[in-house]
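Have a look at the structure below, then the notes.
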Amino acid sequence: MMKIDAETAIELEAAAFRRLIEHLRQRTDVQNIDLMNLAGFCRNCLSNWYQEAAAERGVELTKEDARERIYGMPYAEWRQRYQREASPEAQEKFAHAVAGAHKS
């Protein structure tokens, strides 16, 4: 594997993260429950991780501020514009995944 210095690695990771966020902003058709069922994380997870990273660095960031950075708009607005009711199948899959995660 090619050796990359720490600063360049951070820059590349940040660029990839920005591209992921932009991709998710464009794909408003993909619901959070779908992401959770397929990948085990969603936009809300990303905003939580973002908030945790800020806290680790002494930066105060509210949950709503972190979500707005990920969603590109206030979370309530995103929900109103794009969130739709999850199908019974998606809800069942999510419930099983959550139940399975809590067994360990």
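The values are calculated or read from the model by the stated rules, or taken from the named source; none is laboratory data. In this text the structure is predicted, and so the values were computed from the model without any measurement. Please note: Cβ atoms are built from the backbone with ideal geometry, for glycine as well, and neighbour counts cover all protein chains shown.
Residue 4 meets each of the listed conditions (1) within 30 Å of residue 89 (Cβ to Cβ); (2) among the β-branched types (Val, Ile, Thr); (3) part of a loop (DSSP other than H, G, I, E, B) apart from (1). One residue is enough: does segment 43-59 have a residue meeting the conditions modelled with pLDDT of 95 or more, part of a helix (DSSP H, G or I) and among the hydroxyl-bearing types (Ser, Thr, Tyr)? Yes, some residue in segment 43-59 is modelled with pLDDT of 95 or more, part of a helix (DSSP H, G or I) and among the hydroxyl-bearing types (Ser, Thr, Tyr).
Filtered by the rule that a residue be in contact with a helix residue (DSSP H, G or I) (Cβ under 9 Å, 6 or more places away or on another chain) and loosely packed, with under 12 Cβ neighbours inside 10 Å, segment 53-64 gives 59, 60, 62.
The residue pairs whose first member lies in segment 86-99 and is under 13 Å from residue 42 (Cβ atoms), whose second member is loosely packed, with under 11 Cβ neighbours inside 10 Å, and whose beta carbons are closer than 9 Å, counting only pairs six or more residues apart or on different chains, are 97/40. Apart from one condition, residue 67 fits all of (1) free of Cβ contacts under 8 Å to residues at least 12 places away in the same chain; (2) assigned to a helix (DSSP H, G or I); (3) surrounded by 12 or more Cβ atoms within 10 Å (Cβ to Cβ); the exception is (1). Scanning segment 7-38 for residues that are of a type in the set (Ser, Thr, Tyr) and part of a helix (DSSP H, G or I) yields one hit, 8.
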